[in-house]
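The values are calculated or read from the model by the stated rules, or taken from the named source; none is laboratory data. Because the structure is predicted, anything quoted here is derived from the model rather than measured. For neighbour counting, all protein chains shown are included, and Cβ atoms are generated from backbone atoms with ideal geometry for every residue, glycine included. Ligands, DNA and RNA are excluded from the accessible area calculation, which covers all protein heavy atoms including side chains. Shrake-Rupley method; radii C 1.70, N 1.55, O 1.52, S 1.80 Å.
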Amino acid sequence: MSKYFISTAIPYVNSDPHIGFALELIQADVLARYQRLLEKEVFFVTGTDENALKNVQSAEKAGIEVNKFVFQNAEKFRKLAEVLNISNNNFIRTTEERHIKGAQKFWKACKPEDIYKKSYKGLYCVGCEEFKTHKDLIEGMCPEHRVKPEEVEEENYFFKLSKYEKELFRLIESDELKITPSSRKNEILEFIRGGLEDFSISRSRERAKNWGISVPEDDSQIMYVWFDALTNYMNALGYAEDDVRFNEYWQNGRVTHLVGKGITRFHAIYWPAMLLSAELALPKEIFVHGYVTVDGDKISKSIGNVVDPFNVVEKYGVDIVRYFLLREIPSGEDGDFSYKKLEDRYNGDLANGLGNLVQRTVTLIDNNLDGELIYKPDLIESEVKNKIDELFKEYVGNLDNFLLHEALGRSWDLVGYANKYIDDEKPWVVAKGDAQDFLNIMNNTVFILYNIAWMLVPFIPETADKIFTTLGANRDVETLENYKFKVQKTSGLFPRLK
Ligand SMILES: [Zn+2]
């Protein structure tokens, strides 16, 4: 069985998780659950990046010991994954022993000639944890953080990125390392065309404030946070311990990274170059998502529009939040969050669309067939079957191309189709007449709904489970022929919002 590895990026723990990271977790979760539906063995990892200088600064500001600070905040991210019903197999913190060992093993695995010492003077943005060149800055400030970077001068280790320029270009252009969407791929190719410079991969222990992972055999230097952080993906698989899982998933499986657009460069340029140097397998694909705005504005503490994902889930329920973010925000692009739009989606798509469909199906079977329907595949109309096949095909194509909002849209096309089918066939009228006609309609209705439930498994798994349960459907049956659906009365999947 082929193995599939997927990761989210690991966020810095200097502040609370925001809605944008919730989106990333949920999108990665859809891909993981989808691959499991395809019967792939999936390893899905998320975690936290704890060795950054900005974590130290935030801890100092909060007046808490750095260790304690990162632990407390890491727990919030772990909790967020739980609250969002994320199916990750592993959660890695970069202060864990397995990560520290892995990062050091990786450093030593890079070709010795690719790592060299040099004295360097540069402009460092702590917010980005990155050296900036003058062309990166706008009016002397980091455009992302709107602060002047610090001037830093010291002797560091450098990684020979320039050496890999041609090879990286070839890998990305040919899609051997596939970057989706293509606009991001083109940006990266453009960046490589501009020439790649070697980058600093360590800092003095002093500037790192004695926080981070030591460079092997040189205790005076701490690894650059990105250099250690990127290895987390492999370390979660047990790279340091020579775990068989590492070979199965990383070296011989299909590796997918999901990242936000702000850190594409690290994943699409630095990371593959580092892996080439260490002669390890490269990721197969990098999916890049956009940023979430709130009511049309960039999320910022100063505007006061920060949306706490925990609050939204508590107020509306996890699947509503999942549904909204997955449907409303086009994968790969920026999108907007607003309570108004969320409630509109809830009332329209969920309560009136899907909820109503489930409710009326169950009620019809309950009232007219004592709650039991024996499924006969011969009764499925060819038009119904064709419609399902057509939408499933598009759904799969969309998921394979990281168009999650489109795939979810196709599921809702089927919801709309089912509701229209019932409206047109008027089973509540037919029920009073010919018994076989009624059975025909209900067989088709249940068949459509059963397929909808499957389509929803990766997106809103709790709701999909509820539909299966309500229909009395067994997900593991080999064939539906003569299967007895025993419906359960429901008070409604999506009660009206107060
Ligand atoms: Zn910055």
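Which Cα, out of Ala62, Ala81, Gly102, lies furthest along the positive dipole direction of region 59-112 (beta carbon charges, K/R +1, D/E -1)? Of the listed residues, the answer is Gly102.
Positive-end ranking of Phe438, Tyr157, Met234 along the dipole of the chain, with charges on Cβ about the Cα centre, is headed by Tyr157. Counted residue by residue at 0.36 nm each, then reduced by the alpha carbon distance between them, the extension gain from Arg193 to Asp175 reaches 4.8 nm.
Taking the Cα centre of the chain as reference, the dipole from Cβ charges on Lys and Arg (+1) and Asp and Glu (-1) amounts to some 560 debye.
Based on DSSP H segments of at least four residues, each scored -39500 (n - 2.57), the chain has a per-residue ellipticity at 222 nm of -13500 deg cm²/dmol. Within region 339-486, the percentage of alpha carbon pairs spaced more than 26 angstrom apart rounds to 23%.
Which residues in region 117-131 have a backbone N closer than 16 Å to a point placed 7 Å from the Cα of Glu154 along the Cα-to-Cβ line? Under cut-off, by backbone N: 117-127, 129-131.
Going by a ≥ b ≥ c, the root eigenvalues of the Cα gyration tensor, does the chain fall in the rounded group (a/c under 1.5), the prolate group (a/b larger than b/c) or the oblate group? Prolate is the answer for the chain, as a/c is 1.5 or above and a/b outweighs b/c. If only the Cβ of Lys and Arg carry +1 and only the Cβ of Asp and Glu carry -1, the dipole of region 355-498 around its Cα centre is close to 620 debye. Grab the other residues whose beta carbon is less than 12 angstrom from that of Cys128, score K and R as +1, D and E as -1, and report the net. Charge balance near Cys128 sits at -1. Taking a 23 Å limit on the Cα-Cα distance, which of the listed pairs Lys261/Lys298; Lys61/Lys301; Lys163/Lys209; Lys315/Lys341 fall beyond it? Distance filter (> 23 Å) returns Lys163/Lys209. Between Ile299 and Ser182, full extension at 0.36 nm per residue minus the direct alpha carbon distance yields a gain of 39.6 nm. Here's the picture: a label point sits 7 Å out from the Cα of Glu139 along the beta-carbon direction, and within region 265-305 nothing has its amide nitrogen under 17 Å of it. Note on Lys40: aspartates and glutamates with a C-alpha under 16 Å away, same-chain residues under 8 apart excluded, are Asp29, Glu248, Asp400. Farthest toward the positive end of the dipole of region 339-486, out of Phe468, Tyr346, Phe402, is the Cα of Tyr346, where the dipole comes from beta carbon charges about the Cα centre.
Please say if region 218-282 is rounded, prolate or oblate, where rounded means a/c under 1.5 for a ≥ b ≥ c the square roots of the C-alpha gyration tensor eigenvalues, and otherwise the choice is prolate for a/b larger than b/c and oblate otherwise? Oblate, because a/c is 1.5 or more while a/b does not exceed b/c. Solvent-accessible surface of the chain, averaged per residue with a 1.4 angstrom probe and all protein chains in place: 43 square angstrom.
Available extension along the chain between Lys108 and Arg207 is 33.4 nm, counting 0.36 nm per residue and deducting the alpha carbon span. By the Cβ rule of 4.7 Å, the chain holds the following cysteines without a possible disulfide partner: Cys110. Rolling a 1.4 Å probe over the protein heavy atoms of region 202-344, with every protein chain left in place, gives an accessible area that is 46 percent carbon and sulfur. Shape class for region 1-121: oblate, because the ratio a/c of the largest to smallest gyration tensor axis (alpha-carbon atoms, square roots of eigenvalues) is 1.5 or more and b/c is at least a/b.
When you count the other C-beta atoms within 10 angstrom of each residue and take the mean per peptide, 397-405, 184-192 line up highest first as 397-405, 184-192. Qualifying trypsin sites (Lys or Arg not before Pro) in region 47-124, where qualification requires a DSSP coil assignment and no more than 15 other C-beta atoms within 10 Å, are lacking entirely. Distances between placed amide hydrogens fall under 5 Å for Glu155 paired with Tyr120, all partners being 5 or more residues away or on another chain.
Nearest 10 degrees, 0 to 90: what angle lies between the long axis of helix 66-83 and the longest principal axis of the chain (Cα atoms)? Rounded to the nearest ten degrees, it is 20. Among the protein heavy atoms, those of Met274 account for about 0 Å² of accessible surface (1.4 Å probe, every chain in place).
Here r is the Cβ-Cβ distance between Lys484 and Asn67 and R0 is 41 Å; the resulting FRET efficiency, rounded to 0.05, is 0.10. Our summary gives the chain a relative contact order of 16 percent, counting only alpha carbon pairs under 8 angstrom and 6 or more residues apart. Over all other residues within a Cβ to Cβ distance under 12 Å of Leu373, the charged ones net out to 0, with Lys and Arg as +1 and Asp and Glu as -1. Between 0 and 90 degrees, rounded to the nearest ten: what's the tilt of helix 435-456 against the longest Cα principal axis of the chain? Computed tilt is about 0 degrees.
Each residue of region 27-39 was assigned a 3J(HN,Hα) from its phi angle through the Karplus expression (A = 6.51, B = -1.76, C = 1.60, θ = phi - 60°), giving 5, 5, 5, 4, 5, 5, 5, 5, 5, 5, 4, 7, 6 Hz with x at Gly and Pro. Which residues in region 424-444 place their backbone N less than 18 Å from a point set 7 Å from the Cα of Asn386 along the Cα-to-Cβ direction? Label zone hits: 444.
Amide H contacts under 5 Å for Lys132: Leu123, Tyr124, Cys125, restricted to partners 5 or more places along the chain or on a different chain, H placed in the peptide plane at 1.01 Å from N.
For region 339-486, averaging the sequence separation of C-alpha pairs within contact (under 8 Å, six or more residues apart) and dividing by the residue count gives a relative contact order of 33 percent. The Cβ shell under 13 Å around Gln436 holds other residues with a net charge of -2, Lys and Arg each +1, Asp and Glu each -1.
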